[in-house]
Amino acid sequence: MNKVLFATVLLTIISTTSFAENKQIQPEPNQLTVQQLLQKFAESRQNMNSYVIDGLTDAKFTNSRDNYNGTMYIKFSFRYGGNRNKTTQYIWGDVGRTPNLSESQANYSSALWDGDSLYSYNRGKPSEPGMVVITNAKDKNFKIENTNLVKYSYSGEVNGYHWGDGVTIDKLLINNSETLKLREKREAIRGADCFVIEAVVKGRGKYTIWIDPVHDYHIAKIHVQRRANDHIGQNKLGATDYSNETFEVIRFQRVGDAWFPEVCKFKHNSYYYKNLAIAETNIKFTNCLFNPDHEALKSFSTDDIPNGTAVNLCALPPSGQKFTWRDGKVIDKNDKEVDLGKLEAQSKKTQRN
């Protein structure tokens, strides 16, 4: 994905639901400490263990370095079930250097962690076969944190992960804050009296977070300011760089016994690598299904990878070997199915010799 897409697509990362236990959580007295409030925030997400979340986004963006602006649309789905999860997204509109790409010609990408291997698939237009990169848990460069797709997906924010941070908000604030406090007075946001947390997090920036006790302790709003030497993901901001990020739930909906965001907005402006980037993303969740039959839905299949797709096996060093995908299997140049475990073992033996 090019830098323009990185500056815009990832901005739409938002969030999932917390599951209230058969009753709506009522507003709490204001005697809570900030640590107790963050504990409630964390506890309200512990029962989230199986779901399907679908939605749509539209993002208006501009990038000064390339004199590039436009509107990009994304149709996404996120599926989670224990040790397996999968994200898919169709992207159209002003995509990279292709303006006005129609929905019928949308780019497509997916990422699947099936408990053993990570499958990362990308293609351009439907006529392009694309490539799938396969990383196994036994591979030398495998990182287990890359299998938690939720924190990089549109189901990240209210599931506890803010965009650009690798750990949940409660852990980030409790373990890494230089200053951490709860404002004495609550602040009303769309009719709910929200707790307001202020924190300065080492290496991450200044955080202001509005926690909504009426709607299952979801984040009603979060504003983050990052400056020189702060990090977005693993990237460190330079002396003149900055990032301002604001996520807000515009409207909640009831899904069974729980509250879930229905409409959200994410605003972001940053100066990074001598590029001024501004984006405003609207998110609408169109389908929320909890505790689904993932096997019946084929939630964690590789059926979206078409035959003929080029395969990159991360277990192997660059060698010029060519592999393709056919009916869920990796095929070599001799048209034979590849035993991935055996191939990796042979490669390691060859490297040692």
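Derivation of every value follows stated rules applied to the coordinates shown; laboratory data play no part. All of these numbers come straight from a predicted model, not from anything done at the bench. Please note: Cβ atoms are built from the backbone with ideal geometry, for glycine as well, and neighbour counts cover all protein chains shown.
So here's what we get for this one:
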{"item": "Whole-number D in µm² s⁻¹ for segment 113-235, Kirkwood Cα-pair radius fed into Stokes-Einstein, 4 °C, 1.567 mPa s", "result": "77 µm²/s"}
{"item": "Whole-Hz ³J(HN,Hα) from phi, Karplus 6.51 cos²θ - 1.76 cosθ + 1.60, for segment 110-127, glycine and proline x", "result": "8, 9, 10, 10, 9, x, 10, 9, 9, 10, 10, 10, 9, 9, x, 5, x, 6"}
{"item": "FRET efficiency, 1/(1 + (r/R0)^6) with R0 22 Å, evaluated for MET131 and SER102 via beta carbons", "result": "0.45"}
{"item": "FRET efficiency estimate (nearest 0.05) - Cβ-Cβ, LEU32 to ALA296, R0 41 angstrom", "result": "0.45"}
{"item": "Net dipole in debye of segment 100-171 [+1 Lys, Arg Cβ; -1 Asp, Glu Cβ; about Cα centre; nearest 20]", "result": "200 debye"}
{"item": "Hz values of 3J(HN,Hα) by residue in segment 163-168 - Karplus curve (6.51, -1.76, 1.60), Gly and Pro given as x", "result": "3, x, 10, x, 10, 5"}
{"item": "Per-residue Cβ neighbour rank within 10 angstrom, fewest leading, ILE278, ILE197, ILE219", "result": "ILE278, ILE197, ILE219"}
{"item": "Nearest-20 debye value, segment 3-297 charge dipole, Cβ charges on Lys, Arg, Asp, Glu", "result": "720 debye"}
{"item": "For the chain: relative contact order, % (alpha-carbon pairs under 8 angstrom, 6 or more apart)", "result": "19 percent"}
{"item": "Rg/Rh (Cα only; Kirkwood hydrodynamic radius) as it applies to the chain", "result": "0.99"}
{"item": "Highest average packing first - 254-266, 123-135, Cβ atoms within 10 Å", "result": "254-266, 123-135"}
{"item": "Reachable lysines, given that their alpha-carbon falls under 21 Å from the alpha-carbon of LYS138 and they are not under 8 places away in the same chain", "result": "LYS86, LYS329, LYS342, LYS348, LYS349"}
{"item": "Percent RCO, i.e. relative contact order, over segment 182-327, from Cα pairs under 8 Å lying at least 6 residues apart", "result": "12 percent"}
{"item": "Extended-chain gain in nm, criterion 0.36 nm per residue less alpha-carbon gap, LYS206 and LEU56", "result": "51.1 nm"}
{"item": "Linear extension gain, ASN69 paired with THR246, 0.36 nm per residue minus alpha-carbon span", "result": "61.7 nm"}
{"item": "Segment 156-221: GluC sites (Glu not before Pro) falling in loop per DSSP and having at most 15 other Cβ within 10 Å", "result": "GLU184"}
{"item": "At q = 0.18, 0.20 Å⁻¹, base-10 log of I(q)/I(0) for segment 125-192 (Debye sum, equal scatterers on each alpha carbon)", "result": "-0.94, -1.04"}
{"item": "Cross-link table LYS143/LYS221; LYS202/LYS265; LYS298/LYS336; LYS75/LYS267, entries beyond 24 Å C-alpha to C-alpha", "result": "LYS143/LYS221; LYS202/LYS265; LYS298/LYS336"}
{"item": "Considering only the chain, percent of DSSP beta bridges that pair antiparallel, nearest 5", "result": "95 percent"}
{"item": "Gain upon complete extension [ASN312, ILE174; 0.36 nm per residue less C-alpha separation]", "result": "45.7 nm"}
